[in-house]
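**Q** Here it is: the structure, laid out below.
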Amino acid sequence: MNLLEKLDAAAAARKSLLPNGVGAFGIPIEEVFSATEARIGDRRVLLFGTNNYLGLTFAPECIRAAHEAIDKEGTGTTGSRMANGSYFGHRALEREFADFYQCSSGIVFTTGYQANLGTISGLVGPGDTVLIDGDSHASIYDGCILSGADIIRFKHNDMVDMEKRLRRLGDRVESTLIIAEGIYSMLGDQAPLAEIVKLKNAYNCILLLDEAHSLGVLGKTGQGLVEKTGLLKEVDFITGTFSKSLCSIGGFCVSNHPQLEQLRYISHPYIFTASPSPATIASTRAALVLLSKGSDLRKQLWNNCTQLYSQLKETGYLLGPDPGPVISAILDTPQQALQVWQSLLEHNIYVNLILPPAAPEGKSLVRCSVNAAHTPEQIKYVGDTFAKLYKMISSRS
Amino acid sequence: MTESNYDEIMQLLCDRLSSLTNSDTQITPEMNMISQLSIDSIKLLNLIMEIEDTFDVSIPINALTDIQTVRELADLVHKIKSAS
């Protein structure tokens with residue numbers, strides 16, 4: 001099979017799952033009306049498939065800051081920070097992230113994906129080991145692969161399994177990086193951070209926590225799982241993204257280890273890419289202020305999460321173990337998941353469809369992302385529609 | 001590590017792959033796990049965890065880059081087990 005035939009085979013497999021031509025992946029969105037509504041084709045849909053957890057995509061403060069930055073500094077930086085320099089905004093945002101996490105330093109990356117790629121590949125290399133949760137995001141896997149370190153997986157959130165693998169490493173634990181996530185993107189469950197920290201200290205490893213989905217969502221000021229658990233000082237490196245609660249694009253890493261600064265000179269995903277645009281940095285800085293003061297938004301978000309999680313659970317759907325902004329209904333087969341996803345769209349609700357092997361353990365998921373801007377009526381409509389579809393899939397199985 | 005250990009590894013791999021493929025196909029050492037047995041990446045990674053536990057070894061998943069056949073996987077496990 002030549003290179004192009006391999007792509008044809010992948011296209012045929014995709015087509016078999018999308019018989020009527022409706023594309024669940026990369027769906028065209030024609031217009032965005034608000035944090036909760038958009039137009040797909042000729043339908044005005046409710047957006048339950050974004051990661052806009054605090055609902056800040058149209059926050060006037062962020063829009064104003066982005067406009068002012070474009071007027072003042074133009075549309076792009078046109079190059080990397082290494083070669084073309086760091087703007088005031090880049091440096092200010094790094095300081096603000098470090099202060100937000102009470103850390104000595106921070107680095108901003110151009111995307112959240114690159115934050116993991118750049119941090120992991122900068123911290124470990126050939127001869128080192130990374131111990132990662134089996135349900136880790138692709139950016140973590142790819143960062144590990146880029147690093148050349150030995151990659152060992154432990155069973156998702158299973159601390160007995162994790163310790164077994166740490167023990168097997170023997171002397172190699174001293175050059176081992178453990179990686180976990182605040183909230184996992186597939187089932188929305190949280191890492192058992194207290195137990196991970198206990199093992200990390202017992203085996204004297206370094207711990208990196210990715211707060212991509214938990215930033216803005218967990219903790220009094222929205223730091224994430226580190227704040228919810230009171231373990232901020234126990235985590236060596238924290239990464240995260242601007243593209244979820246902060247409603248822009250980019251990523252960061254903060255730490256109290258002064259060695260973090262060296263990543264600027266060795267991490268290719270940091271060095272060899274254009275730096276974030278002035279508008280992106282400006283809106284992120286404004287959003288970080290709103291996020292840290294956003295206890296009311298978090299309260300509203302959690303009310304919404306609890307409402308939808310409870311309604312789906314009462315209906316009979318199998319869900320992830322923890323309520324939260326990521327709520328995944330676990331279906332028996334890819335066909336069933338596709339049927340539910342299509343029916344939801346026909347009811348003007350957009351959610352995410354996740355099929356094997358992207359979903360863990362061969363599961364097929366219909367994933368909802370709840371945000372603080374959703375109204376109780378919108379949540380109820382989604383819950384009621386899921387209930388109607390549950391009867392349909394139950395009667396056919 | 002003896003020849004009998006290698007046979008034990010090969011037998012375990014064949015048994016597990018047979019149950020993962022859910023078919024009556026006789027698993028042979030030269031079979032390609034992806035193109036012939038349709039073992040996807042997640043199934044392979046989970047199989048590696050099982051092998052690690054059975055033989056009490058660490059098998060880095062990046063060592064799987066060049067592994068295609070059942071025999072190549074058995075060779076890798078045998079090499080790591082022999083060195084441990």
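**Q** Kindly indicate whether A:Arg168 is in contact with a helix residue (DSSP H, G or I) (Cβ under 9 Å, 6 or more places away or on another chain), within 11 Å of chain B (Cβ to nearest Cβ), buried (at least 23 other Cβ atoms within 10 Å of the Cβ) and among the basic types (Lys, Arg).
**A** Details: in contact with a helix residue (DSSP H, G or I) (Cβ under 9 Å, 6 or more places away or on another chain): yes; within 11 Å of chain B (Cβ to nearest Cβ): yes; buried (at least 23 other Cβ atoms within 10 Å of the Cβ): no; among the basic types (Lys, Arg): yes.
So A:Arg168 fails the test.
**Q** Could you list all residues from the stretch B:45-84 that are within 16 Å of B:Glu30 (Cβ to Cβ) and touching a strand residue (DSSP E or B) at 6+ places or on another chain (Cβ under 8 Å)?
**A** If the condition is that a residue be within 16 Å of B:Glu30 (Cβ to Cβ) and touching a strand residue (DSSP E or B) at 6+ places or on another chain (Cβ under 8 Å), then B:Gln68, B:Thr69 are the ones that fit.
**Q** Another one. Condition test on A:Ile178, is it buried (at least 24 other Cβ atoms within 10 Å of the Cβ) and within 12 Å of chain B (Cβ to nearest Cβ)? Outline the logic, then answer.
**A** Details: buried (at least 24 other Cβ atoms within 10 Å of the Cβ): yes; within 12 Å of chain B (Cβ to nearest Cβ): no.
No; evaluated as a whole, the condition is false for this residue.
**Q** Another question, if that's okay. Looking at (1) in contact (Cβ under 8 Å) with a residue 12 or more places away in the chain; (2) open to solvent by 50 Å² or more (accessible area, probe 1.4 Å), which is the only condition B:Ala83 fails?
**A** Looking at each condition in turn, B:Ala83 falls short on (1).
**Q** Before we move on, is A:Gly251 within 16 Å of A:Val326 (Cα to Cα), crowded, with 20+ Cβ neighbours inside 10 Å and at pLDDT 95 or above? Lay out the reasoning, then the answer.
**A** Details: within 16 Å of A:Val326 (Cα to Cα): no; crowded, with 20+ Cβ neighbours inside 10 Å: yes; at pLDDT 95 or above: yes.
For A:Gly251, the condition - within 16 Å of A:Val326 (Cα to Cα), crowded, with 20+ Cβ neighbours inside 10 Å and at pLDDT 95 or above - is not met.
**Q** A further question follows. Just checking: which of the helices (runs of 4 or more DSSP H) contained wholly in the stretch A:1-114 hold 2 or more residues that are surrounded by 15 or more Cβ atoms within 10 Å (Cβ to Cβ)? Spell out the reasoning first.
**A** Numbers: elements: A:3-17, A:60-73, A:81-84, A:88-100.
Passing ranges, in order: A:60-73, A:88-100.
**Q** Among the residues in the stretch B:48-61, are any in contact with a Lys or Arg (Cβ under 6 Å, 6 or more places away or on another chain) and in a loop (DSSP other than H, G, I, E, B)?
**A** yes
**Q** If you don't mind, another one. Only one of these is open to solvent by 20 Å² or more (accessible area, probe 1.4 Å) and at pLDDT 95 or above: A:Ala373, A:Ala358. Name it.
**A** Values: A:Ala358 fails: at pLDDT 95 or above.
The conditions single out A:Ala373.
**Q** Which of the residues belonging to the stretch A:329-367 are closer than 20 Å to A:Lys15 by Cα and within 14 Å of another protein chain (Cβ to nearest Cβ)?
**A** Hits for the stretch A:329-367 are A:Pro334, A:Ile354, A:Leu355, A:Pro356, A:Pro357, A:Ala358, A:Ala359, A:Gly362, A:Lys363, A:Ser364, A:Leu365.
**Q** Looking at (1) at negative phi; (2) in a loop (DSSP other than H, G, I, E, B); (3) in contact with a helix residue (DSSP H, G or I) (Cβ under 9 Å, 6 or more places away or on another chain); (4) touching a residue at least 24 places away in the same chain (Cβ under 8 Å), can you tell me which one A:Gly127 breaks?
**A** Unmet for A:Gly127, out of (1) at negative phi; (2) in a loop (DSSP other than H, G, I, E, B); (3) in contact with a helix residue (DSSP H, G or I) (Cβ under 9 Å, 6 or more places away or on another chain); (4) touching a residue at least 24 places away in the same chain (Cβ under 8 Å): (1).
**Q** Using beta carbons and a limit of 6 Å, which pairs, at least six apart or on different chains, have the first residue in the stretch A:67-86 and in the same structural domain as A:Ile107 (by TED's automatic domain parsing) and the second one assigned to a helix (DSSP H, G or I) and among the small types (Gly, Ala, Ser)?
**A** Here the result reads A:Ala69/A:Ala279; A:Ala69/A:Ala282; A:Ile70/A:Ala279, each pair linking the stretch A:67-86 to a residue that is assigned to a helix (DSSP H, G or I) and among the small types (Gly, Ala, Ser).
**Q** Also, I was wondering about something else. Select from the stretch B:44-84 the residues that are more than 11 Å from the chain's Cα centre (by Cα) and either at positive phi or not hydrophobic (A, V, I, L, M, F, W, C) (or both) and list them in ascending order.
**A** B:Asp53, B:Thr54, B:Asp56, B:Ser58, B:Pro60, B:Asn62, B:Thr65, B:Asp66, B:Lys79, B:Lys81, B:Ser82, B:Ser84
**Q** Let me ask something additional. For the subset of the stretch A:299-337 comprising residues that are charged (D, E, K, R) and in contact with a helix residue (DSSP H, G or I) (Cβ under 9 Å, 6 or more places away or on another chain), which member is least open to solvent (accessible area, probe 1.4 Å)?
**A** Let us first name the residues in the stretch A:299-337 that are charged (D, E, K, R), namely A:299, A:313-314, A:322, A:332.
Remaining after also requiring in contact with a helix residue (DSSP H, G or I) (Cβ under 9 Å, 6 or more places away or on another chain): A:314, A:322, A:332.
Values: A:Glu314: 155, A:Asp322: 47, A:Asp332: 127 Å².
Among them, the one singled out is A:Asp322.
**Q** While we're looking at this one, here's another question. Could you look through the stretch B:33-49, keep only residues that are open to solvent by less than 30 Å² (accessible area, probe 1.4 Å) and away from chain A (no Cβ under 12 Å), and pick out the one that is farthest from B:Gln68 (Cα to Cα)? Break it down into steps so the answer makes sense when it comes.
**A** Taking the stretch B:33-49 and keeping what is open to solvent by less than 30 Å² (accessible area, probe 1.4 Å), we get B:33, B:37, B:39, B:44-45, B:47-49.
Pick out the ones that are also away from chain A (no Cβ under 12 Å) and you get B:33, B:37.
On the way: B:Met33: 6, B:Leu37: 11 Å.
Of everything passing the filter in the stretch B:33-49, B:Leu37 is farthest from B:Gln68 (Cα to Cα).
For (1) within 18 Å of B:Asp56 (Cβ to Cβ); (2) among the basic types (Lys, Arg), each residue gets a yes or a no:
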| site | (1), (2) |
| --- | --- |
| A:Asp161 | yes, no |
| A:Gly170 | yes, no |
| A:Val173 | yes, no |
| A:Ile179 | no, no |
| A:Gly182 | no, no |
| A:Leu187 | no, no |
| A:Pro192 | no, no |
| A:Lys200 | no, yes |
| A:Cys205 | no, no |
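**Q** Tell me yes or no: at least one residue of the stretch B:63-79 is at pLDDT below 90 and of a type in the set (A, V, I, L, M). Full working, then the answer.
**A** Filtering the stretch B:63-79 down to residues at pLDDT below 90 leaves B:65-66.
Then keep just the ones that are of a type in the set (A, V, I, L, M); that gives none.
No: zero hits.
The values are calculated or read from the model by the stated rules, or taken from the named source; none is laboratory data. Since the structure is predicted, the reported quantities are computational estimates derived from the model, not experimental observations. Every residue, glycine as well, gets a Cβ built from its backbone with ideal geometry; the counts of neighbours run over all protein chains shown. Protein only, heavy atoms only, side chains kept; ligands, DNA and RNA dropped before computing areas. Shrake-Rupley method; radii C 1.70, N 1.55, O 1.52, S 1.80 Å.
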